Amino acid sequence: MYNDEKNLYHYTYRKDGAEPTLGETLRDSGGTSGPRAPELEVKPVKKNRLGLKITALALMCALLGGAAGGGAVWAATRYTGGNESDINVSARPVTQVSVRDVDGKNQMSDAEVYAANVGSVVSIRTSATAGYNFFGQPVKTASAGSGFVLSKDGYILTNYHVVKNAETVTVTLYSGEELEARYIGGEEDYDIAVIKVEAEDLQPVTLGDSAALNVGDHVLAIGNPLGELTFSMSGGMVSCVDRAINIDGTPFNMIQTDTSINPGNSGGPLFNQYGEVVGIVSAKYASSSNGDAVEGLGFAIPMNDVFSMVKDIMTNGYVSNRAWLGITPQTMNENWAAQFSYDQKTGVFVCSVEPGSAAEKAGLKMGDVITKVDDMEIETVEDLNLAKKKYSAGDSAKLEVFRPEGTVTLDLIWDAAPRDEQVQEEQPAQQYPSNGNNSNGNGGNGGNGGYYSPFDDLFRYFYG
């Protein structure tokens, strides 16, 4: 019968369903628990007794030698009868994994990274109201993700999209304890959010330097794939650093990895070989433009890109030093150029300027076209937003601006984004009809002058 209680795939012949002992297995097969010497039939010989004695002595030596050799083999393999059908079983002791401190100096085995950090990883479940049914009753939705502990007193970092619009957030620790969490703050453009549970003496992770990663470095992810395979670890390598991708119209700078990432992994940590968190698992390449499935294209937010913002959120509840320009932008295209009789067909068209903003102080005017921020070429609104992420409030930059009378260079001091401007601060203006060059079909980039990124519509957030 199958012994289902402990192992679904072990088979036993005992009626009570228990596993047979080693001795029983050997007895059932006609064997013993030790080696058996070959049985020899010796017939008496009347003649040549001296030769018989010599022969008997030789046989005895052979038997003793065989027994000693058989004993050595048995000790090495636990048991064998010397037959071709016997099974050798290794006597290697179970490897004990020690829990090491993450010191940033010594590399760790995968098992050691897991042992040192699994207690810092959490599973996150959220619920929200998705609307109301025909009878006016609220329709509830649920999703799952991952996160990791930042501080002993319960601050936890995850993805913004994991907790966006959530009405309840439940955190499950590795111990199995469930705690209700409250939302502290987040930054949608960087897909980060901080939540907090009421707890003491939690085990925080150690953050590492994501800029020190090289292509080919070994990395590991621990998370909650599919929302049910909790505290699973997967491994791979860094496939690319500073990979610029576009997710639902938002530009991101990412670590690309072939580490297995699935729905529910979002918000979990990406570890380096020293057991330090160097990234926040966020997205994967789901399919190609023609619908073909792809594998091994996962992405994580570099820790260095968001570290200061995370601390700001923990202190203020939002990113208080986020760079802000204060314009209503629009991607320049041929239609806009024809409308205003401009020779410039790429860049960011300034539709309006906020009074008192950094843009107004720098001298930007409606009708200007931003073509460069310091040494970064600007062709679309996405380019401008990606460039803006490299600055904080108070930083300076030079803007190269096209005007009908000629190109000018303006000195800019970035403002801090007001709290009510934290989500998608530089919103594009109402889209002007595209020139028809965009086959994307999502409407948004079509209005952006036919600009099309091969990554558009291929990246998806994981909402569980």
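The values are calculated or read from the model by the stated rules, or taken from the named source; none is laboratory data. On a predicted model such as this, the values are computed, not experimentally measured, just so you know. Ideal geometry is used to build each Cβ from the backbone, glycine not excepted, and the neighbour counts take in all protein chains shown. Note: accessible area is taken over every heavy atom of the protein model, side chains too, but ligands, DNA and RNA are not part of it. Shrake-Rupley method; radii C 1.70, N 1.55, O 1.52, S 1.80 Å.
Near residue 306, within a Cβ-to-Cβ distance under 14 Å, what is the net charge of the other residues, with Lys and Arg +1 and Asp and Glu -1?
-3
Return the Rg/Rh value of the range 291-431, two decimal places, where both radii are evaluated on C-alpha atoms and Rh is the Kirkwood radius. Don't jump to the answer; show the numbers that get you there.
Working: Rg = 16.6 Å, Rh = 16.2 Å.
Over the Cα atoms of the range 291-431, Rg/Rh equals 1.02.
Give me, ordered by chain and number, the residues 5 or more places off residue 279 or on other chains with an amide H under 5 Å from its own placed amide H.
270, 303
Output needed for the range 236-290: three equivalent-ellipsoid semi-axes, defined as square roots of 5 times the C-alpha gyration tensor eigenvalues, in descending order, whole Å. Spell out each step's value before the answer.
Numbers: eigenvalues 79, 32, 26 Å².
Calculated on Cα positions only, the semi-axes equal 20, 13, 12 Å.
Per-residue HN-Hα couplings for the range 113-120, Karplus 6.51 cos²θ - 1.76 cosθ + 1.60 at θ = phi - 60°, whole Hz, x for Gly and Pro?
Working through the residues one at a time gives 4, 5, 4, 6, 10, 4, x, 9 Hz.
Could you put 123, 143 in order of accessible surface area, largest first, with the 1.4 Å probe and the full protein assembly present? Can you show the working numbers first?
On the way: 123 10, 143 30 Å².
The most accessible residue leads, giving 143, 123.
Give, as ranges by residue number, the residues of the range 170-200 whose backbone N falls under 17 Å from the point 7 Å along Cα→Cβ of residue 416.
Output list for this probe position: 185-187.
Provide the FRET efficiency to the nearest 0.05 for the residue 341-residue 398 pair, computing r from the beta carbons and using R0 = 41 Å. The partial results should precede the final answer.
Details: r = 27 Å, r/R0 = 0.65.
After rounding, the FRET efficiency stands at 0.95.
Which net charge results when you count Lys and Arg as +1 and Asp and Glu as -1 among the other residues whose beta-carbon is under 9 Å from that of residue 337?
On the way: positive: 345; negative: 334, 343.
Value of the local net charge: -1.
Quick one: which residues, 5 or more positions from residue 219 or on another chain, have an amide H under 5 Å from its amide H? H modelled 1.01 Å from N in the peptide plane, none for Pro or chain starts.
For residue 219, whose amide H was placed from the backbone, the distant partners under 5 Å are 236, 237, 238.
Tell me, what % of the accessible area of the range 224-322 is carbon and sulfur with a 1.4 angstrom probe? Numbers along the way, then the final one.
Working: 1660 of 3550 Å².
For the range 224-322, the apolar C and S fraction of the accessible surface comes to 47 percent.
In square angstrom, what is the accessible area per residue of the range 150-212 with a 1.4 angstrom probe? Write out the running numbers ahead of the final one.
Numbers: 2810 Å² over 63 residues.
The answer is 45 Å² per residue.
May I ask you to evaluate 6.51 cos²θ - 1.76 cosθ + 1.60, the Karplus curve with θ = phi - 60°, for each residue of the range 352-363 and list the ³J(HN,Hα) values in order in whole Hz, giving x for glycine and proline?
So the Karplus estimates, Gly and Pro as x, are 7, 10, 5, x, x, 7, 4, 5, 5, 5, 7, x Hz.
Work out from phi, with θ = phi - 60° and the Karplus expression 6.51 cos²θ - 1.76 cosθ + 1.60, the ³J(HN,Hα) of each residue of the range 223-240, listed in order in whole Hz, and give x for Gly and Pro.
For the range 223-240, the Karplus curve yields x, 10, x, 6, x, 9, 8, 5, 6, 8, 10, 10, x, x, 10, 6, 8, 6 Hz.
R0 = 45 Å: FRET efficiency of residue 132 with residue 405, Cβ-based, nearest 0.05?
Details: r = 56 Å, r/R0 = 1.25.
For R0 = 45 Å, the calculated efficiency reads 0.20.
Under a 5 Å amide H to amide H cut-off, with H placed in plane at 1.01 Å, what residues pair with residue 368 once short-range neighbours are removed?
Placed amide hydrogens put 350 under 5 Å from residue 368.
Of the listed peptides 296-305, 247-256, what is their order by residue-averaged count of other C-beta atoms within 10 Å, with the highest listed first? Could you put the intermediate results ahead of the total?
On the way: 296-305: 22.2, 247-256: 20.0.
Ranked from most to least packed, the peptides come out as 296-305, 247-256.
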